[in-house]
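Reviewing the structure listed below.
The values are calculated or read from the model by the stated rules, or taken from the named source; none is laboratory data. If you're wondering where the values come from, they're calculated on a predicted model, not measured in any experiment. Note that we place each Cβ from the backbone using ideal geometry, even for glycine, and neighbour counts take in every protein chain shown. Quick note on the areas: whole protein, heavy atoms, side chains included, nothing else; ligands and nucleic acids left out. Shrake-Rupley method; radii C 1.70, N 1.55, O 1.52, S 1.80 Å.
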Amino acid sequence: MSLPKAFVDEIRARVPLSDVVGKRVKLTRAGREYKACCPFHGEKTPSFTVNDQKGFYHCFGCGAHGDVVGFVMNHDNMSFMDAIEHLAGLAGMQVPKPTVAEQKKFQRQMSLYDLMEHAAKWYEAQLHAPQNKKILEYLVARGLSVETIKSFRLGFAPGEDVLLKQSLQKAGYSVEAILEAGLFRESQRTKGELYPFFRGRVMFPVQDLQGRVVAFGGRVLPESHGGPPDKSAPK
Ligand SMILES: [Zn+2]
């Protein structure tokens, strides 16, 4: 959940970095800075520095670098919010509670990530299913190894059917969530009838920095492999 930037800035201003680091690592003063043996890599001569004025630590050995929040996250293996809670406690500050609307938005976002992950797994399973063997063979013939296909989590979206929708609904996702994820569209002709947005396509999930699936790309297959008719092909 996001916090007001001013709140995080206030924590940084109130909690000296050297206090927090000094509780975990033996610090030695060196001019305006402190030095220590780096807690993030093994070393015998100190190359880890802490600068309270700048509010940053930096290791010349392994490149570890960050502020007080980052230090607690990395050193104590905490999430951002847990580190904030811990530091706010030291600063005598109360972490602002998210409003009900913010919590709802957060939960909706989280469940959207889960839904996209469910869909990614489903597309992957389709590509490796026996009935779609020729799609997998087509990709391999195009020079992709099975390892590459697996590591990029390529999948296959079959034709018009609604099996993915059924799978998502069985997992507890509402029609609204399925539509919001953009994987299905509502039919213009029949109200309430959904059709899959991606049909007869090789699917590749787009992931964010945390590895969460946030979108899909779909590559059209040739007509011989379930893609749309090629209008330029001679009759
Ligand atoms: Zn280091």
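Points to keep in mind about this one:
- Given (1) at pLDDT below 90; (2) under 22 Å from the mean Cα position of the chain (by Cα), index of the condition residue 153 fails: (1)
- Residue ID - nearest to the ligand (Cβ to nearest atom), chosen from residues in segment 77-86 that are without any contact (Cβ under 8 Å) to a residue 60 or more places away in the chain and open to solvent by 50 Å² or more (accessible area, probe 1.4 Å): 77
- Residue match in segment 17-35 (condition: in contact (Cβ under 8 Å) with a residue 40 or more places away in the chain, over 19 Å from residue 92 (Cα atoms) and of a type in the set (Lys, Arg)): yes
- Every residue from segment 112-137 that is surrounded by fewer than 18 Cβ atoms within 10 Å (Cβ to Cβ) and in contact with a His (Cβ under 8 Å, 6 or more places away or on another chain): 134
- Residue among 95, 25, 21 that is away from the ligand (no atom under 16 Å from the Cβ) and open to solvent by less than 60 Å² (accessible area, probe 1.4 Å): 95
Every residue, every condition in (1) open to solvent by 90 Å² or more (accessible area, probe 1.4 Å); (2) within 26 Å of residue 138 (Cα to Cα), yes or no:
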residue: 166; (1), (2): yes, no
residue: 170; (1), (2): yes, no
residue: 175; (1), (2): no, no
residue: 180; (1), (2): yes, no
residue: 183; (1), (2): no, yes
residue: 189; (1), (2): yes, no
residue: 192; (1), (2): no, no
residue: 198; (1), (2): no, yes
residue: 204; (1), (2): no, yes
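- Tally, over segment 142-159, of residues that are open to solvent by less than 90 Å² (accessible area, probe 1.4 Å) and free of Cβ contacts under 8 Å to residues at least 24 places away in the same chain: 7
- Any hit, segment 49-72, residues being in contact (Cβ under 8 Å) with a residue 60 or more places away in the chain and either of a type outside the set (D, E, K, R) or exposed (fewer than 15 other Cβ atoms within 10 Å of the Cβ) (or both): yes
- Selection status of residue 43, more than 10 Å from the ligand (Cβ to nearest atom) and either in a loop (DSSP other than H, G, I, E, B) or within 13 Å of residue 15 (Cβ to Cβ) (or both): no
- Residue within segment 221-231 that is within 20 Å of residue 111 (Cα to Cα) and of a type in the set (Gly, Ala, Ser) present: no
- Residue within segment 36-55 that is of a type in the set (Phe, Trp, Tyr) and over 27 Å from residue 107 (Cβ atoms) present: yes
- Condition met for residue 171 (of a type outside the set (Val, Ile, Thr), in contact (Cβ under 8 Å) with a residue 40 or more places away in the chain and touching a Ser or Thr at 6+ places or on another chain (Cβ under 9 Å)): no
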